[in-house]
Amino acid sequence: MVPIAWYLILSAILFCIGVAAFLIKRNIISVFMSIELMLNAVNLTFVAFAQQWHQVSGQIFVFFVMVVAAAEAAVGLAIIIAVFRARNTLNVDQVDLMKL
Amino acid sequence: MHLALFFIFGALCLAGALNLLLQRHPINSALSLIVVMSSLAVLYLLLGAEFLAAAQVIVYSGAIMVLFTFVIMLLNAGKEERTRGSKLAYIAGFPGAAALLSLLTFMFLSHQGEFARARIGEYVVTTSELSRMLFTDLLLPFEVTSVLILIAILGAVALARKEH
């Protein structure tokens, strides 16, 4: 028997580690991975609340988040490849201009 | 049983997430993110979400992370270097994340009495239950996501294609 609050605190910790990694990491792929970590933390919150109120809709939300995350990962990684071709670097500090 | 599994896989989640934060090489971060996602699948199972646990393993730790490792290897990403921006990020990043964490934890702990306790097997959403809702009430959003994925595939191919 585990209180739902513990699951929520676990997901809060994961989300905050994701926020810290998003701000601190300088590699564009690592930044993108920390976004995935934040999405996963929010998914855990949705599932925990679905258990709390015995509702299916929380899990439906997670399903749609997963679908959007898959699409986002495909497009985002394609953009990263395009940026690397144009700039020859993955450091976010050197990709701060829209112009070449 | 539930408590022990929660602590084991919760600790694995935290260790993987911290490792993602501390490693300098992106491939190490990617592999620790796989650990986080796989142990989250076990936590979903504990919370009675059996379809989502399977989908988490197949979609997240399977498809998405394989894509990530492929791109890291394709671009031959090395260790990230320290720049002036990273010093600024340290100053802003850690206190900001710590403040957010303390706010969220305070909120959850102050409302702890209103939350129920999760037991294994008390409320399990079966795949048929989930799919019935998905294919009756939410048929339109479900079909729209298939169009979204089609557009994403076309966009990814168009973006990653070599220009001649």
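For the reader, a short list of remarks on this structure follows.
- Inter-part distance where the stretch B:27-49 and the stretch B:86-164 are each reduced to a Cα centre, Å: 13
- Whether the stretch B:44-109 is rounded, prolate or oblate, judged on the alpha carbon gyration tensor where a/c under 1.5 counts as rounded: oblate
- Interface size, chains A and B: roughly 7200 Å² of accessible area buried, both sides included, 1.4 Å probe, rounded to the nearest 100.
- Distances between every pair of Cα atoms in the stretch A:4-94, grouped in 10 Å steps from 0 to the bin holding the largest one, split as 17, 37, 29, 13, 4, 0 percent.
- Applying 0.36 nm per residue to the separation of B:ARG132 and B:PHE94 and subtracting their alpha-carbon distance, the gain on full extension is 9.3 nm.
- The base-10 log of I(q)/I(0) for the protein assembly as shown, evaluated at q = 0.10 Å⁻¹, reads -0.54 [Debye formula, identical scatterers on Cα atoms, solvent excluded].
- Helical contribution to [θ] at 222 nm, DSSP H n ≥ 4, -39,500 (n - 2.57), averaged over the protein assembly as shown, rounded to 500: -25500 deg cm²/dmol
- Convex hull of alpha carbon positions in the stretch B:23-78: directionally averaged projected area 3.6 nm².
- With θ taken as phi - 60° and the Karplus curve 6.51 cos²θ - 1.76 cosθ + 1.60 applied, the whole-hertz 3J(HN,Hα) list for the stretch A:70-76 is 5, 5, 5, 5, 4, 5, x Hz, x standing for glycine and proline.
- Whole-number D in µm²/s for chain B (Stokes-Einstein; Kirkwood sum over Cα pairs; 25 °C, 0.890 mPa s): 125
- The candidates B:ILE151, A:ILE17, A:ILE79, arranged from most to least accessible area with a 1.4 Å probe in the full protein assembly, appear as B:ILE151, A:ILE79, A:ILE17.
The values are calculated or read from the model by the stated rules, or taken from the named source; none is laboratory data. These numbers come from a predicted model, not from an experiment. Accessible surface areas use protein heavy atoms only, side chains included; no ligands, DNA or RNA. Shrake-Rupley method; radii C 1.70, N 1.55, O 1.52, S 1.80 Å.
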